[in-house]
Amino acid sequence: MGLTPDIAHLRQWIGRGETATDVTSPPVLARIAAFLGRERSFREGDLLPDLWHWFFFSPRPLPSAVGPDGHPGTGDMIPPFGLPRRMWGGSRLTFSHSLTAGGPIQRLSRVVKVDLKQGGSGLLGIVQIEHQILQDDVLCVTEWQDLVYREASTGPMPAPSAPACPHGSQHSREIRPDPVMLFRYSALTGNAHRIHYDRDYAIRVEGYPALVVHGPLTATLLAGFARELRDGAPMTTFSFRGTSPLFDDASFRIHARADGQTMALWAESPAGGMAMTAVAEFPSHVPSP
């Protein structure tokens, strides 16, 4: 890939930030609910499920600012790693107050960490961003998001190696991804990353065997599964980490195991390995499933 990026230069991006605004419009919320398999309308003041802020603050780059993969180019808020492939590696979130329907919301973002690491697939550029989500000047969600940038593909990717899944699943559900699901999620989140809808690009350019299931979509399904098992109770914290990619050519399973007010969650790939691990924490007064 050429010269290794200068980490001292890249770390000059630490502290850079941006502010975004949006509105939790009830019609948009109804479309999100429909995508997730619920027929529901929203009225002003209704509480939003945890993680639904991911459906807002869509990027709005000009055509000239969009990279060949469909993402906005780096160099403004994100350091210019010179590594073309991007993925959302994971997040850790704390929930202080529930967001509500029908009002403006604000996201304050800043870069808090920049690093370079040598991974099994080559050089990795890692940037951690802190997001604060506010409504009516009240802090509702704090999120630490890890983005990973990787070297260009040199050919078809080998079958991804995945760690073994935990034992003791108490609840599980089959998920059947398909191109329509991935396209609808991309549309709802304003995600133009071509690996999720452009099969030719995903296979020929980035070396994947099929369309890639969005990491935050899998995390949203895990979080929704956890809330469902707790009768819709809000979470106090949630964290997830992707461990291997999922694709649209085969079904996968999501699992949950409760231990007091903590729920371990994971997504199991079709081959049996763990694709994502997550942990949800609930208030002490919420009964275990």
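Collect the residues in region 240-257 that are buried (at least 18 other Cβ atoms within 10 Å of the Cβ) and among the small types (Gly, Ala, Ser), keeping them in residue-number order.
Within region 240-257, GLY242, ALA256 qualify.
I'm told PRO5 meets every condition in (1) over 22 Å from GLU143 (Cβ atoms); (2) at pLDDT 95 or above; (3) surrounded by 15 or more Cβ atoms within 10 Å (Cβ to Cβ) except one. Can you identify the failing condition by its number?
(2)
To keep it simple, each residue is scored yes or no on (1) under 29 Å from ALA226 (Cβ atoms); (2) assigned to a loop (DSSP other than H, G, I, E, B).
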| residue | (1), (2) |
| --- | --- |
| ALA30 | yes, no |
| GLY37 | yes, yes |
| TRP54 | yes, no |
| GLY70 | no, yes |
| SER109 | yes, no |
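When LEU99 is evaluated against the numbered criteria (1) under 18 Å from HIS214 (Cα atoms); (2) among the aliphatic types (A, V, I, L, M); (3) open to solvent by less than 60 Å² (accessible area, probe 1.4 Å), which criterion, by number, is the only one it fails?
The failed condition is (1).
Within region 8-43, count every residue that is more than 20 Å from the chain's Cα centre (by Cα) and exposed (fewer than 11 other Cβ atoms within 10 Å of the Cβ).
Of the residues in that region, 5 qualify.
Does region 215-229 include one or more residues that are part of a loop (DSSP other than H, G, I, E, B) and in contact (Cβ under 8 Å) with a residue 24 or more places away in the chain?
no
Checking GLN135 against (1) surrounded by fewer than 19 Cβ atoms within 10 Å (Cβ to Cβ); (2) touching a Ser or Thr at 6+ places or on another chain (Cβ under 8 Å): exactly one of these is not met. Which one?
(1)
Do any residues in region 264-287 that are without any contact (Cβ under 8 Å) to a residue 12 or more places away in the chain and crowded, with 23+ Cβ neighbours inside 10 Å have Cβ atoms under 8 Å from those of residues that are in a strand (DSSP E or B) and among the polar types (S, T, N, Q), where the two are at least six apart or on different chains, and which pairs are they?
none
Here's a check for you: in region 75-105, which residue that is β-branched (Val, Ile, Thr) and over 26 Å from MET276 (Cα atoms) is nearest to the chain's Cα centre (by Cα)?
Among them, the one singled out is ILE105.
Here's the yes/no breakdown for (1) hydroxyl-bearing (Ser, Thr, Tyr); (2) in a strand (DSSP E or B):
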residue: SER239; (1), (2): yes, yes
residue: ASP249; (1), (2): no, no
residue: LEU265; (1), (2): no, yes
residue: MET274; (1), (2): no, yes
residue: THR277; (1), (2): yes, yes
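For region 48-92, which positions are at pLDDT below 95, within 26 Å of THR220 (Cα to Cα), crowded, with 16+ Cβ neighbours inside 10 Å and of a type in the set (A, V, I, L, M)?
ILE78, MET87
Can you pull out every residue in region 251-263 that is at negative phi and part of a loop (DSSP other than H, G, I, E, B)?
SER251, GLN261
The values are calculated or read from the model by the stated rules, or taken from the named source; none is laboratory data. It should be emphasised that the depicted structure is a prediction, and the values quoted were computed from it without experimental measurement. Cβ atoms come from the backbone with ideal geometry, glycine included; neighbour counts cover every protein chain shown. Only protein heavy atoms, including side chains, enter the accessible area calculation; ligands, DNA and RNA are left aside. Shrake-Rupley method; radii C 1.70, N 1.55, O 1.52, S 1.80 Å.
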